[in-house]
Structure formats: C-alpha cells, structure tokens
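A.B. asks: Quick one: the structure is below, and I'll ask about it shortly.
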Amino acid sequence: MPSADSEIKSSWADQVEQDEDDLPPPSECIEGDTKVVTEYKVNDEGKKVKVVRYYKIEHRKVSKTVAKRKTWKKFGEARNDPPGPNPTNTVVSEEIFMQFLSNKEEERQTDDDPLNKLKGQKIVKCRICKDDHWTTQCPFKDKLGALPDLLKDDTNPAATATTAAATPSTSQVEDKMKAGKYVPPSMREGANRRGESMVSSRNRDDAATIRVTNLSEDVRDSDLQDLFRPFGNIARIYLAKDKVTGHSKGFAFINFLRREDAARAIAGVNGFGYDNLILNVEWAKPSGTS
DNA sequence: GATGAGCGG
C-alpha cells in the first residue's frame, strides 16, 4: 500500500519539472517481503521531501512471458532508469484480476487463487439433490419435506445428529447423499440428459401446448376459449400481453389436457381465417428456447 | 414477427 496518497495525485509532468532541481534519484530495495521505494520531491510548500512507499510483495506466479518481459532492458528516455517502475512516469494502481478462459499456464496454478475455485464450478447447485439446477426446480422439491433439515446439515453438522435421530427417514436420505450413493433420476440410466425434471418450468407441460400466432390485437382469452374448446379440455390459456400497456402481443398458448386434442386443434385451426387474419397454430416449445 | 413470468444462490 502506498503510504502517501497525495503525492500520487500530482501529475507526472509536475514531478518531472521538480526532479530537475538536483533531487536524489528514486531508488528501491527489497526488505523481506516488502518493497521499499524511496523518492525525493518538492512539495506544495516548496520544500524537498523524501517519500517512502512500502509495497507488500505478493508471491504471485506470473506467466512466463510477463516474467521474461521484466528482464528487458529499459530503452528510450527511460534508458538509465533504475530497475522497476519509475514513479515519475508510472503509477501503481489497484490490482486488476483477469480471468482467462483458456490458458494452460493458469490451469497449473489453481491452488492459491481463490478465483480459480469458482472457475470450473457449476453455476447453481440444488440444495436438495446437489444437481446443477435451482432448488426451486428440483424434482424432489415437494416430494420430500426434508429441505429444512438438509439446510441445517449444510451449516451445522452438530444439528444433524439430533435431527437424524429424531426423524429416521430423513437421516436415511442424508446418509445416502453423504455417501454419494444416491443417484438422482436425471442421472440415472435412461434419463433424459440435462437436469430438467419431467415437468418443465413451473408445473406446465408443454407436451400438449400449442402456440397460436397472428392473432389480432383485440382477441381475448374468452375468444380463444370459444375457438379451441371444441377440440378438447383446455388446461390453461395464456394470451401474451404487454405487461405495462396490457395490449395483446398477438400470440397465445393453449394448453390442452390431452396431446391428441392439441394435435387436432393444430390441424383444425392452423390456417383458419379469424378476424380477417390467418391464424398460425403449431406445437409450443418450452419457453426460453429460441 | 412474435415461445408465457418468475424465484434466486
């Protein structure tokens, strides 16, 4: 840490001028794990002052190229400068951490940098089954009421013993998870890859959902009811509207109870003229897929 | 022309 903040702020143009009255040249030396940089300058009151800065040396590994670059000879105006950064033309700012996506050299030194721990990790980890989805999306979210106990287990190992003893069924689950024996359905053989549960987002199954586009602006939910009810029971209708204005966005999702009904609705209504527009009806894809 | 909103960690 520089011990004299105010000195740094003056521009180096000033400093260069000041250096012209015969001030001793800056110097630096290493004391233990501290680098001591000494320089002399004229302060605001016109007095010569000695500024000593102490830098804690971090033994951070640098890439080969950076290390090599440090051995280069100085050139140009700085030809005769002592080794290390010259405080009259170099400002040491705060450390900047960079994250490299692929750098073989970085990969080898993963131990000391805390950032590296985050790197290869899954973005989210379910608190219930430890899989890489949000806890709220976990297939077991409502199946086992063990969530509170599992949370306790995370933070307070001592509490586990008591809760486990009190509720044997819970403890079995915990034991299995700790032993790593438990295999969530998404990981079992024959499971569909990726962590999604059987019900896609928010208890909606798009297997029997159709999307209707090219709806006129003034079509309402009830109109869609009337239009699609003949094909079968409808679980849900969503007419996309602008959240603020409430205007229809011109498309809707019709969620049938039975997929066959949805299929017939597509066959029956796709291309159907409605409100002087030709409707387009097709299978809905789960939201978020572009 | 357009694939819903929402909960975070």
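The values are calculated or read from the model by the stated rules, or taken from the named source; none is laboratory data. Since the structure is predicted, the reported quantities are computational estimates derived from the model, not experimental observations. In this analysis, Cβ positions are derived from the backbone assuming ideal geometry, glycine residues included, and neighbour counts consider all displayed protein chains.
A.B. asks: Among the residues of the range A:217-250, what is the count of those that are under 19 Å from A:Ile278 (Cα atoms), within 38 Å of the chain's Cα centre (by Cα) and of a type in the set (Lys, Arg)?
C.D. replies: Residues in the range A:217-250 being under 19 Å from A:Ile278 (Cα atoms), within 38 Å of the chain's Cα centre (by Cα) and of a type in the set (Lys, Arg): 1 in total.
A.B. asks: Just a yes or no: is a residue in the range A:235-255 more than 10 Å from DNA strand B (Cβ to nearest atom), of a type outside the set (D, E, K, R), crowded, with 17+ Cβ neighbours inside 10 Å and in the same structural domain as A:Asn276 (by TED's automatic domain parsing)?
C.D. replies: Looking for residues that are more than 10 Å from DNA strand B (Cβ to nearest atom), of a type outside the set (D, E, K, R), crowded, with 17+ Cβ neighbours inside 10 Å and in the same structural domain as A:Asn276 (by TED's automatic domain parsing), one finds none in the range A:235-255, hence no.
A.B. asks: From (1) within 11 Å of DNA strand B (Cβ to nearest atom); (2) outside any strand (DSSP E or B); (3) at pLDDT 95 or above, pick out the condition that doesn't hold for A:Asp226.
C.D. replies: (1)
A.B. asks: Suppose we filter the range A:247-290 for residues that are assigned to a strand (DSSP E or B) and not aliphatic (A, V, I, L, M); how many remain? Can you show your working first?
C.D. replies: Looking only at the range A:247-290, we keep the residues that are assigned to a strand (DSSP E or B), and these are A:248-256, A:273-274, A:277-278, A:280-283.
Within this subset, residues satisfying the condition of being not aliphatic (A, V, I, L, M) are A:248-251, A:253, A:255-256, A:273-274, A:280, A:282-283.
Qualifying residue count for the region: 12.
A.B. asks: If we keep just the residues of the range A:67-93 that are in a loop (DSSP other than H, G, I, E, B) and aliphatic (A, V, I, L, M), which is modelled with the lowest pLDDT?
C.D. replies: Step one: of the range A:67-93, the residues in a loop (DSSP other than H, G, I, E, B) are A:71-75, A:79-93.
Checking the rest, the ones that are also aliphatic (A, V, I, L, M) come to A:91-92.
On the way: A:Val91: 69, A:Val92: 60.
Top of the filtered list is A:Val92.
A.B. asks: Still on this model: Could you look through the range A:256-277, keep only residues that are of a type in the set (Gly, Ala, Ser) and surrounded by 14 or more Cβ atoms within 10 Å (Cβ to Cβ), and pick out the one that is farthest from DNA strand B (Cβ to nearest atom)?
C.D. replies: The residue in question is A:Gly268.
A.B. asks: Could you tell me which residue of the range A:278-290 is nearest to DNA strand B (Cβ to nearest atom), considering only residues that are surrounded by 15 or more Cβ atoms within 10 Å (Cβ to Cβ) and not small (Gly, Ala, Ser)? Break it down into steps so the answer makes sense when it comes.
C.D. replies: To start, the set of residues in the range A:278-290 that are surrounded by 15 or more Cβ atoms within 10 Å (Cβ to Cβ) comprises A:279-281, A:284.
Applying the additional criterion that residues be not small (Gly, Ala, Ser) yields A:279-281.
Numbers: A:Leu279: 9, A:Asn280: 6, A:Val281: 10 Å.
Per the criteria, the residue is A:Asn280.
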